[in-house]
Amino acid sequence: MDATKAADAPAIGWGVIGASTIAREYMVDAIRRTGGEPLWLMSRDDTHRAGFAHELGIPQHSAELAGMLADERVKAVYVSSINSLHRPQVIKAAQAGKHILCDKPLATRAADALKMVKACDKAGVVLAVNHHFRSSPVHQTMRRMIAAGDIGEVRSLIIIHAGLLRPVLQTWRIKDPDEGAIYLDLSVHDIDLASFLLQQQPRTAIGIGDALALGDASAHDHTMYALRMSGGAFVQVNESFVTPDVESQVMAYGSEGILIASGTLAQRSTGTLVRRLRGRNEAIPLRANDIYADTVEQFLAAIEGRGEPRATGRDGLASLAGAEAVARAVKTRKSVEIKVPE
Ligand code: NDP
């Protein structure tokens, strides 16, 4: 983070759409740490919204988007409402000429996500998706090492992304099937991470899933699935909201050696990376960063024409198409071909 730049540059005006836990705990702070000034909050519930705006020091707030979108000081918006609201909010923001950082999943259906991508293209605004695992120094190093052939040809990638869903989050995400349950919560992240690490796209999905404790038959809280990737690698993923005390693992098995990332699937820059070659372990030293601020920084750079966001709208569309295919594979008990709508 370039703190000097943040202090000297004029503040970028932001609108915050959704008075959510992630906005409260991480993203409003990340916006400020990267030189932004949250000017508006849009949220539906009057009491919750007023308390949130007061707590986070956001000067203006409304249950409608109109005031925020008409305010010319607002250059960018961050969307972290419930999943099903992302589509209408992103499309309205794009039509108002605002650049958009949208939390994952981009939408609840890939067909809707495509409409959002097209609306942003048409308006000439940047659309980024908060797939923050791309910002982890461990994952970036893994991607570089895999691309450089440091473990030979990657044949399998195993992702274990499990834990106990915090009680405060055991609401719409696991109670309302239209919000996509574990598939639109964790699978989008893990499919995006697999594509990012391997630089291959998922082509086929098979899987099993169930509701063991928190969800119901139409809102699963536990899943295990496999993907065949475009370059031939196999990806195997276990995700759960109901298995406490699991440390996440991301393991790439290659023809020459393996990479093991432990504890990296988190909201802070945590975890370790080990390379094993010919039976010997080597710890790869890495410096932690601020992963959400890194995502915001890359989004701001893209607005200024310096590169692409860490995850573009099309990356968010691809991860959603993959998660949709996993959910369909679980439901139909068949292998599903993954097609990203164009
Ligand atoms: P929350 O459940 O905390 O909040 C979602 C929405 O619910 C809020 O935007 C608000 O609606 C409403 N809400 C929440 N609390 C209250 C309350 N006390 N009273 C009234 N309304 C309330 O969502 P999360 O922070 O868990 O997730 C938000 C989005 O961010 C989701 O799309 C999720 O997938 C994504 N996410 C991404 C993460 C990442 O690391 N990239 C991590 C966690 C979540 P309103 O929109 O009207 O303000």
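A compact table of results
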item	result
Hits in the stretch 289-308 - residues which are closer than 12 Å to Q267 by Cα and outside any helix (DSSP H, G or I)	N289, D290
Extreme residue, nearest to the ligand (Cβ to nearest atom), among residues of the stretch 179-212 that are within 21 Å of N130 (Cβ to Cβ) and charged (D, E, K, R)	D185
Qualifying residue in the stretch 193-206 (condition: open to solvent by 50 Å² or more (accessible area, probe 1.4 Å), among the hydrophobic types (A, V, I, L, M, F, W, C) and without any contact (Cβ under 8 Å) to a residue 60 or more places away in the chain)	no
Any hit, the stretch 147-166, residues being aliphatic (A, V, I, L, M) and under 17 Å from T21 (Cβ atoms)	yes
Test set (1) outside any helix (DSSP H, G or I); (2) surrounded by 20 or more Cβ atoms within 10 Å (Cβ to Cβ); (3) more than 8 Å from the ligand (Cβ to nearest atom) - E64 fails condition number	(2)
Residue list for the stretch 22-48, filter: in a strand (DSSP E or B) and within 11 Å of the ligand (Cβ to nearest atom)	L41, M42
Restricting the stretch 269-306 to residues that are free of Cβ contacts under 8 Å to residues at least 60 places away in the same chain and surrounded by 13 or more Cβ atoms within 10 Å (Cβ to Cβ), the residue that is nearest to R134 (Cα to Cα)	T270
Subset tally (residues that are more than 18 Å from F196 (Cβ to Cβ), surrounded by fewer than 17 Cβ atoms within 10 Å (Cβ to Cβ) and either among the acidic types (D, E) or in contact (Cβ under 8 Å) with a residue 60 or more places away in the chain (or both)) for the stretch 247-268	3
K334, sole failed condition from (1) open to solvent by 70 Å² or more (accessible area, probe 1.4 Å); (2) in contact with a Cys (Cβ under 9 Å, 6 or more places away or on another chain); (3) not hydroxyl-bearing (S, T, Y)	(2)
Evaluation of G51 against (1) within 16 Å of the ligand (Cβ to nearest atom); (2) buried (at least 17 other Cβ atoms within 10 Å of the Cβ) (one fails), failing number	(2)
From the options F52, F133, residue that is of a type in the set (F, W, Y) and over 30 Å from I338 (Cα atoms)	F52
Checklist (1) in a strand (DSSP E or B); (2) open to solvent by less than 20 Å² (accessible area, probe 1.4 Å) applied to G209, failing item	(2)
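The values are calculated or read from the model by the stated rules, or taken from the named source; none is laboratory data. Since the model is a prediction, treat every value here as computed from it, not as a measurement. Note that we place each Cβ from the backbone using ideal geometry, even for glycine, and neighbour counts take in every protein chain shown. Surface areas here come from the heavy atoms of the whole protein model, side chains and all, with no ligands, DNA or RNA. Shrake-Rupley method; radii C 1.70, N 1.55, O 1.52, S 1.80 Å.
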